[in-house]
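The values are calculated or read from the model by the stated rules, or taken from the named source; none is laboratory data. All figures in this text were calculated on a predicted structure; none of them were measured in a lab. Counting neighbours? That spans all protein chains shown, and the Cβs are built from the backbone with ideal geometry, glycine included. When the accessible area is computed, the model is the full protein with side chains, heavy atoms only, and any ligands, DNA or RNA have been set aside. Shrake-Rupley method; radii C 1.70, N 1.55, O 1.52, S 1.80 Å.
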Amino acid sequence: MCGTCGCNVTSGNRHLLSAPPQKKPVTAVSVLSNLLKHNDAQAELNRAKIDAHGVLAINLMSSPGSGKTALLEATIQQLKGKFGIAVIEGDLETENDAERIRAQGVPAYQITTGTACHLDAHLVEQALTHLKLDEIDLLFIENVGNLVCPASFDLGHHRNVTLLSVTEGDDKPAKYPVMFRAADLMLITKTDLLPYLDDFSSEKATHCQRALASKAPVLNLSSRSGEGLDAWLRWLEEEVSQHKVRVQQNQTLRPRIQQDGNKLHAQAPEIHFRPVAKV
């Protein structure tokens, strides 16, 4: 997995690899473990900054093409008069999704990760400096399309929402348990296509989710037709309201970071690091 693709290293944390040499021997495992510790520390700083402005941050996770950006477009159309909304977009390349969000009249900051298949706390910290947090109630982080790695990294957010498109297969929660265990809410998307997909069962998808000992709510919706969108909007409104109360009480909420995935990201016996050239 990430032991061979090197996705732990992003433009946000690459500088940590060039830290002064330590007395202890440096191994690939120790380097990656150190990156994870730095990530978690940065995530806490991000969350404190976000909380200081009373902002609720939601991490959207799914495979590519499940409808994350379409969901955001439909959500913004319904809520932008009620809440201040901003979006952090994560993709390997292009600003396509950020441009779609800006067309809805809300700020969007695009993070292009290059080869990294997930966002990390350092990348999100850089994005936060480009947003006017005092004008925001609800911050969406659209993570890179990937059903493995995003669930293993705390970004400084509060809630995880995992999308499952009806075009993907109803057994995805069973195949990718790390991702779906992390969900505070699971959305079954593109339900307008169900009449044409007789091999997808929303009931089976929910059963697979429950088999993970997950009590996360499961909602069915279509961003295109609007079917089921009201339940999603109510969930968001309740979450924003509850978070503002938490902030007033000097409390916060941490996401369900999956330790199984976190451990895998700290095991990389085949990865080799070279000194980082100063730019």
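What number of residues within the stretch 137-156 satisfy the criterion of being closer than 21 Å to Leu212 by Cα and either in a strand (DSSP E or B) or open to solvent by less than 30 Å² (accessible area, probe 1.4 Å) (or both)?
8
Yes or no: the stretch 188-204 includes at least one residue that is under 20 Å from the mean Cα position of the chain (by Cα) and in contact (Cβ under 8 Å) with a residue 60 or more places away in the chain. Scanning the stretch 188-204, I find at least one residue that is under 20 Å from the mean Cα position of the chain (by Cα) and in contact (Cβ under 8 Å) with a residue 60 or more places away in the chain, so the answer is yes. Just the residues that are open to solvent by 40 Å² or more (accessible area, probe 1.4 Å) and of a type outside the set (Lys, Arg), please, taken from the stretch 72-96. Of everything in the stretch 72-96, those that are open to solvent by 40 Å² or more (accessible area, probe 1.4 Å) and of a type outside the set (Lys, Arg) turn out to be Gln77, Gln78, Gly81, Leu92, Glu93, Thr94, Glu95, Asn96.
Checked across the stretch 89-110, the condition of being under 22 Å from Pro255 (Cβ atoms), of a type in the set (A, V, I, L, M, F, W, C), assigned to a loop (DSSP other than H, G, I, E, B) and modelled with pLDDT of 95 or more holds for no residue.
Within the stretch 83-106, being β-branched (Val, Ile, Thr) and without any contact (Cβ under 8 Å) to a residue 24 or more places away in the chain holds for one residue alone: Thr94.
For Leu60, are the conditions met, namely being modelled with pLDDT of 95 or more and part of a helix (DSSP H, G or I)?
Taking the combined requirement at face value, the residue does not satisfy it.
Of all the residues that make up the stretch 63-88, how many are in a loop (DSSP other than H, G, I, E, B) and more than 18 Å from the chain's Cα centre (by Cα)?
Of the residues in that region, 5 qualify.
Here Ala127 does not qualify as assigned to a loop (DSSP other than H, G, I, E, B) and either in contact with a helix residue (DSSP H, G or I) (Cβ under 6 Å, 6 or more places away or on another chain) or open to solvent by less than 10 Å² (accessible area, probe 1.4 Å) (or both).
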